[in-house]
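Notes follow once the structure below has been shown.
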Amino acid sequence: MNFTTLHFSIVSHKIKYMQKKILFIGFVLMLTNALHLSAQYAKTDSTYKRWFVGSSLFVLLGNLDTKNPPNFAQLNVGYRITGKDVITVEPKTWKYAWPNGIHPFFNNAYKKPEEKFPGSIREFGISLAYTRFLWKGLYAELNVMPTWQVFMNEQNKKINNGFQIFNTYRVGYHIKLFKDRFFIQPSMAITHRAFHTTLPDGFKQQDDKWSKFIFGEPGFHFGFNF
């Protein structure tokens, strides 16, 4: 590698780092701005709609990825037990080829060829989430998701099955739109692979390098109330 190539590589990494940093700062500013809007939710509406359906913005954005497309699908169906207590069922499926322990936004190891699995994993899960509103639109959420895993080799042939329990600990803000007909929920989360069966050879060696936790994973749910 000559000096020009090395210099270009360093500059490229710096640009990618700055892009990720700007994305994170923008998300924080958006969440902060939402908190300033909290006055419009000062009064509790006893006629709020009990049911809602929705999904995640990353279903739309993530599937545009050309290098590691997740073929992600998610449907959220929720019920408001009270004005502060909500339960949600979320069937999901997605595919990935890099360990879940690598932060997809803030770790440069994500998508590096040397960190890739010798194939990919397709997951099918149904999560159960409990949300508690703490102050106006501010909420905390526990999301527990058992998933069925299908391991595939580089030729996209199935080689094994597995099972995983994937938890998400989330803090976010609920923003009502169009007279509470729609809503958005920007959030930040800690994800935790609480349990999984033994991964196939090659997958296990890559996965063992990384933590079972990811801190600071952004989220952006949206939905329709009825």
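Any read-out appearing in this document is the output of simple, stated calculations on the displayed coordinates, not a laboratory observation. Nothing here was measured: the structure is a model prediction, and the numbers come from that model. Methodologically, a virtual Cβ is constructed for each residue, glycine included, from the backbone with ideal geometry; neighbour enumeration extends over all protein chains shown.
Data table
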{"item": "Rough spin-label spacing in nm, given labels placed 7 Å along Cα→Cβ, for Val53 and Arg181", "result": "1.6 nm"}
{"item": "Which listed pairs, of Lys67/Lys158; Lys112/Lys209; Lys95/Lys176, have C-alpha distances above 24 Å, in listed order", "result": "Lys95/Lys176"}
